[in-house]
Amino acid sequence: MTTTILFLLFALVTLAGAIGTVTERKLFHAALWMLLSFFGVAALYVLLEAPFFAAVQLFIYMGAIGILIIFALMLTRGSMREGGPYLNDQWWLVALLAVVLLVVVGWLLWQQYGSVMAVHAVDEGSLVQLGRVLSEQDGYALPFEVASVLLVMALIGAVTIVRER
Amino acid sequence: MMGVPLAWYLILAAALFCVGLYGVLSRRNAIATVMGVELMLNAVNVNLLAFWRYTEPGGMTGQAFATFVYAVAAAEVAVGLALIVAIYRNRDTVDLDQINLLKW
Amino acid sequence: MDFISDAIVNIGLWLERLLVSAGLAPQAAALVMTIVGTVVVAFFPLLIVVFLIWMYRKASARIGGRLGPNSSGTWAGPGGIVQPIADVIKMFTKEDIRPLGIDPVPYNLAPIIVVASAVMVWAVVPFGKGPRMIGADLGIGLFYIMAFSSASLVAFLMAGWSSNNKYSTVSAFRATAQLLGYEIPQLVAVLCVVVVAGSLRMSAIVDAQQDVILLIALPLPALIFLLASYAEIGSRPFELLECESELVAGYQTEYSGMRWGMFYVGEFMGAVAVSALFATVFLGGWRGPFVDSFPVLGTLWLVLKILFMLLVWTFFQMTLPRLRIDQMLAFNWKFLVPLSLVLLCVLAPLNHWLVRALPGSDYVWARTGILLAANVLVFLGTWAVVAIAERRRTVRPRQVEVSA
């Protein structure tokens with residue numbers, strides 16, 4: 001009962017944030033709506049008994065990506081003429097497409113997973129297990145290292161692209 | 001304590017994805033597009049973790065996958081925004097309708 | 001005697017029994033007790049902040065050769081102890097100036113987020129022995145604190161942007177650069193602690209300090225954590241966020257009245273939160289003499305340790321000058337980040353080997369000694385590297401061409 005109420009509350013917050021992001025004219029407010037959506041997703045992760053990912057969501061999305069986006073907004077300020085059109089010409093087609101996609105996928109998901117309930121309680125050692133799986137050789141150690149190389153590449157690439165000549 | 005059916009999480013993720021898709025394809029500002037992409041990546045993560053929780057909470061595949069999605073999302077946002085700022089320096093605009101031709 | 005020896009837990013249990021006997025269902029009574037506990041934990045930092053204002057004024061006055069709050073003139077209690085109350089009343093009654101052109105939602109939300117993230121930390125601080133003395137014994141305790149302090153960064157951007165003031169915006173950028181940068185050494189230093197203590201859970205970290213506090217085993221990560229945390233809350237030497245006597249007030253410029261009051265209180269609360277964190281993670285939290293037989297003493301030890309760390313904070317605030325932004329960023333990216341990463345790379349395998357080779361609590365002092373030796377070695381190595389780099393930077397006299 002409480003789970004259902006909490007889920008509905010967090011889902012409402014997340015979706016309200018998402019819809020606010022894509023319909024808000026002023027970009028800074030859109031970024032704030034996006035941060036609200038991220039917070040809602042973090043709350044959902046807590047409900048899904050993955051508290052580590054809730055903290056990671058706050059850390060990475062709210063604390064880093066959100067700030068990156070706000071910085072980029074401020075650095076490209078001059079082009080933001082507040083009065084001009086903020087949607088392009090095909091927005092009605094996209095809205096239709098998104099709604100159709102949602103209806104079709106939602107119906108399919110309901111058919112397939114409408115009655116799947118939670119399996120059993122998650123035991124507390126999942127964090128240790130995650131660490132083990134990410135560092136074991138026959139686990140995900142190689143993708144982990146590749147991900148770190150990817151991050152270094154992104155770091156170097158971003159700095160190189162934005163450097164003042 | 002009765003939980004919530006899996007489909008609710010998946011439909012929420014699908015809704016987030018569709019809202020993000022609308023944001024990507026319909027906004028003029030490049031940064032608003034990046035915001036839509038972030039929403040889509042969030043939807044993917046919710047999907048992964050919901051499946052992890054509901055079908056196999058003992059295994060770690062879902063969580064490991066979600067970790068990599070986080071890393072890739074961060075890398076992609078960094079490079080994407082760097083590109084947008086560089087384009088702004090060159091063209092003085094980030095309106096996607098005005099930077100869709102390579103020269104000019 | 002038994003009641004008093006574990007007084008706080010026993011008071012809680014007595015209240016809950018009272019509620020149940022008054023007719024409430026057991027779950028409702030537990031819920032009411034949870035709410036009462038939450039209110040107590042949320043007001044605890046406020047009380048410490050009121051005391052801290054006095055302590056800060058007094059200590060900084062004595063450091064500066066002055067008297068500080070005292071009763072010569074208007075009565076202010078013995079030693080000026082009533083002065084913080086006057087401060088709080090003043091803050092409540094300040095005029096609330098609303099500048100034109102501000103963006104109302106972020107403008108109003110920013111101080112709330114700053115204070116909220118400082119209060120959130122207290123949910124996982126263990127106040128004493130046992131599961132009832134901690135707000136929520138999260139499995140990710142320490143990481144939760146880091147995540148919230150990182151998520152509150154956006155408040156500074158909101159404050160700066162919504163103020164409709166160029167200088168506030170520039171200050172918000174500076175603040176974000178500083179806070180984002182210093183998160184890394186803070187997190188890596190905390191990782192060193194997690195590696196040695198074996199868990200992210202706050203109660204487990206306090207339990208791991210059963211025989212010897214982690215400050216002795218890990219002095220260098222403690223120092224890095226302290227510096228990085230002071231940078232995170234914007235206290236000297238990293239005070240360029242708001243530069244109390246130099247810049248106008250940074251991102252807080254356009255704030256007045258209670259909103260500014262919340263930034264002011266938020267700063268003190270951040271100091272209290274950092275002190276509580278340091279006390280729990282490095283100084284042993286509620287551990288101290290006689291705490292096993294009288295668990296209620298645990299809270300007393302914790303408060304004493306927090307006050308000691310606050311004294312350290314006051315000393316930092318009052319005796320160190322401010323760094324410039326380039327000095328501050330260079331210190332972070334060129335010194336603290338590599339140092340903390342090297343520390344982690346040295347301490348993690350060392351600890352792994354130590355736990356296998358010298359297990360159990362018999363060898364705790366041996367393990368501590370070896371970790372301390374590793375810290376000292378890394379410190380000496382860093383000193384050597386910095387000294388060599390200094391010597392390489394020979395200053396050649398410049399030939400100045402004077403054109404006739």
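Throughout, read-outs are computed from the coordinates displayed, never taken from laboratory work. Because the structure is a prediction, the values reported are computed rather than measured. Using ideal geometry, Cβ is built from the backbone for each residue, glycine included, and neighbour counts are taken over all protein chains shown.
Arrange A:Thr3, B:Thr33 by Cβ neighbour counts within 10 Å, fewest through most, would you? It would help to have the intermediate numbers written out before the result.
Working: A:Thr3 13, B:Thr33 20.
Listing A:Thr3, B:Thr33 from fewest to most nearby Cβ atoms yields A:Thr3, B:Thr33.
In this simple spin-label model, placing a label point 7 Å from the Cα along the Cα-to-Cβ direction at both C:Asn164 and C:Val402 gives a separation of 5.5 nm.
Here the calculated FRET efficiency for A:Asn88 and A:Leu15, from their Cβ-Cβ distance with R0 = 30 Å, stands at 0.80, rounded to the nearest 0.05. Centroid-to-centroid, using Cα positions, the range C:12-80 and the range C:209-235 are 26 Å apart. Along the axis of the charge dipole computed for the range A:124-165 (Cβ charges of +1 for Lys and Arg, -1 for Asp and Glu, origin at the Cα centre), the listed residues A:Pro143, A:Leu130, A:Val162 are led at the positive end by A:Val162.
Near the amide H of C:Ile134, within less than 5 Å, lie the amide hydrogens of C:Phe127, all on another chain or at least 5 residues away, with H placed in the peptide plane. Checking every one of the chymotrypsin sites (Phe, Trp or Tyr not before Pro) in the range C:265-372 against DSSP loop status and a limit of 12 other Cβ atoms within 10 Å picks out C:Phe290. When a/c is below 1.5 the answer is rounded, else prolate if a/b is larger than b/c, else oblate, so apply that to chain C with a ≥ b ≥ c taken from the square roots of the Cα gyration tensor eigenvalues. Here chain C falls in the oblate category.
With a Cα cut-off of under 23 Å and a minimum spacing of 8 residues unless on different chains, the lysine pairs in the protein assembly as shown number 4.
Could you please report the charge total around C:Tyr144, scoring K, R as +1 and D, E as -1 over all other residues with beta-carbon less than 14 angstrom from its beta-carbon?
On the way: positive: C:Arg201; negative: C:Asp137.
Residues close to C:Tyr144 contribute a combined charge of 0.
Using the rule -39500 (n - 2.57) for each DSSP H run of four or more residues, divided by the residues of chain C, the 222 nm mean residue ellipticity is -22000 deg cm²/dmol.
Out of C:Tyr144, C:Gly298, C:Pro321, whose Cα points farthest toward the positive end of the dipole of chain C (charges: +1 Lys, Arg; -1 Asp, Glu; placed on Cβ)? It is C:Pro321. Backbone amide hydrogens, once placed in the peptide plane, bring C:Gly285 within less than 5 Å of C:Thr280, excluding anything fewer than 5 places away on its chain.
Among C:Lys90, C:Lys58, what is the fewest-to-most ranking by other Cβ atoms within 10 Å? Let's see the in-between values first.
On the way: C:Lys90 10, C:Lys58 20.
Result, fewest neighbours first: C:Lys90, C:Lys58.
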